[in-house]
1. Whole-Hz ³J(HN,Hα) for each residue in segment 40-47, computed from phi via Karplus 6.51 cos²θ - 1.76 cosθ + 1.60 with θ = phi - 60°, x for glycine and proline: what do you get?
2. Taking 0.36 nm per intervening residue step and subtracting the Cα-Cα distance, what contour gain separates Asp138 from Thr209 on full extension?
3. Once amide H atoms are built 1.01 Å from N in the peptide plane, which residues 5 or more positions from Ser188, or in another chain, come under 5 Å H to H?
4. For segment 1-106, which chymotrypsin sites (Phe, Trp or Tyr not before Pro) are both in a DSSP coil and crowded by at most 11 other Cβ atoms within 10 Å?
5. What length, rounded to one decimal in nm, is gained on full extension from Asp353 through to Arg315, with 0.36 nm per residue of separation minus their alpha-carbon distance?
6. If you only keep lysine pairs separated by 8 or more in sequence, or across chains, how many in the chain come under 19 Å at the Cα atoms?
7. Between Glu373 and Thr245, what is the label-to-label distance in nm when each label sits 7 Å out along the Cα-to-Cβ direction?
8. Could you work out [θ]222 nm for the chain from helices alone, using -39500 (n - 2.57) per DSSP H run of at least four and dividing by all its residues? Round to the nearest 500 deg cm²/dmol.
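Just so it is clear, none of the values below were taken in a lab; they were calculated from the coordinates. These numbers were taken from a predicted model, which means no experiment stands behind them. Cβ: placed from backbone, ideal geometry, glycine included. Neighbour counts: every protein chain shown.
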Amino acid sequence: MANSTEPQAERGHRTIHAGGRWLAASSGATRDILDPADALPFAVVAEGDEKDTDLAVAAARTAFDDGPWPHTPVAERAALLRRVADLLVRDRERLGLLESRDAGKTVEEGRVDIDCVADAFRYFADLVAGEAPGRVVDAGSPEIHSVVVHEPVGVCAMITPWNYPLLQASWKIAPALAAGNTFVIKPSEITPLTTVALIDLLVEAGLPTGVAGIVTGPGHTVGARLAEHPDVDLVSFTGGLVSGTKVAQAAAVTVKKVALELGGKNPNVVFADACETDEGFDTAVDQALNAAFIHSGQVCSAGGRLIVEESVRERFVAELARRARKIRLGRGTEDGVECGPLVSEQQRAKTEDFVASALAEGAVLRCGGKRPEPSPERPEGGYFYEPTVLDQCHREMRVVREEVFGPVLTVETFRTEDEAVALANDTEYGLAGAVWTADAGRARRVAGRLRHGTVWINDFHPYLPQAEWGGFGKSGVGRELGPAGLAEYRESKHVYQNLAPKPVRWFTG
Ligand code: NAD
């Protein structure tokens, strides 16, 4: 059995955690984890399957049904979550670097991710610690005591994507633990390393045996088994629309609770009045770059659709393209690199396919649209792709309708406020969107009309752990973060106590 502080390199491929033990896959299968900057393997993990999943679920079931965690006082649960946050801060450099190598992001982005993970643990600790234990309901009689209490859902399955591996995991694990659940998580098969490392920290913080489980392995085996498993009470999924739909279908058979955080096609609406001053113009362009290209656009809330007022389009797009060309692409661990590679060859090929189809449909390439030349900071095997701006796009194009999940920005234009709103809402998704304007009234009007789960006014990308995150339409079901993000992991129970019971005489016999 692995020691809780054993580093990844010594653990080898024992990356399945069930009932307090670190295990190899029962089949013995392993998977190499590749560094997206050079496509070379740098770690090896267990390639779990349905059998390993059943083992982990059984351990989580036993820990829930017979273990102490669901009944541990809230103050103790909160204290444990705070200890986890402290351990994350202690290990920030190690974990930030691991996230950078695994997902291809810059080390600084990796560090920020770890800070945000710690914030999530602290937020949910404070939320449960500060809560009333239940809600007393006025039943209309002094002889009735009626109270609604919250209880954990049970065994929670969690399935997470590769773009923000540990952050997405923490938005599930922190509230699930705060509420008293046990869990089994399946991280993305291509970026599992920091989630494995987090399980170590949970154990080190004192989480009882069996509460935390992890199975590394593919979606079609491990993920699918978790979604259908009869002993799982809830499945929380973050990922793409296609896999999310399969999870929802599988979960329906056993009527599990389901939470889905899916993709987005997020509009960034820029009114001309936001660009009237030099400072306003510079800010709007800078943030449009950040919206579209941070983490090479592999962000569910990426502002990949620029919807700009016609009168400022040429000036705005020219400056955007000029600055996009200057983004320094390279291995995320190199000094001065601003943007890493895509996560896989598959993701790059998908991006190339979107750009080719857009150009065939009449889009105009303003920058990018190709792989960069290799350089000392950009090894030849890495999955790099240049930040790409496609002008003169329209809503019928596939690149405007579907999520690219790569560094591609499309440009559409509008003339009136109504037209801007109609374009921004013309998507089957509804995760996030932004409006840039110097007119406060217009800002509030447009924000009120956007059908998206998060709306930014004169900003892009920030989120708060205390504010709900999630989508309208096909962007998902349910919410993460905020009080609703905790409520996902709870059942409400109404306890009605009659202090003076007497017969009701409904039946007279
Ligand atoms: P994906 O759907 O390919 O995979 C997500 C996870 O689901 C992985 O762990 C995968 O192994 C698993 N999976 C795949 N098929 C499955 C199946 N049949 N049953 C069960 N599990 C299965 O997504 P991805 O490519 O890893 O991530 C990118 C997607 O995630 C994008 O669409 C992005 O928008 C979305 N995302 C959404 C949010 C959000 O908060 N809404 C956050 C991050 C990412």
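1. 9, x, 10, 7, 9, 10, 6, 9
2. Details: separation 71, 0.36 × 71 = 25.56 nm, distance 4.03 nm.
Stretched out fully, the Asp138 to Thr209 stretch lengthens by 21.5 nm.
3. Thr160
4. Working: sites: Trp22, Phe42, Phe64; in loops: none.
Filter output for segment 1-106: empty list.
5. Numbers: separation 38, 0.36 × 38 = 13.68 nm, distance 2.82 nm.
Result: 10.9 nm gained on full extension.
6. 19
7. The modelled label-to-label distance comes out at 4.4 nm.
8. Numbers: 16 runs with 192 residues, N = 509.
Counting only the DSSP helices, I get -11500 deg cm²/dmol.
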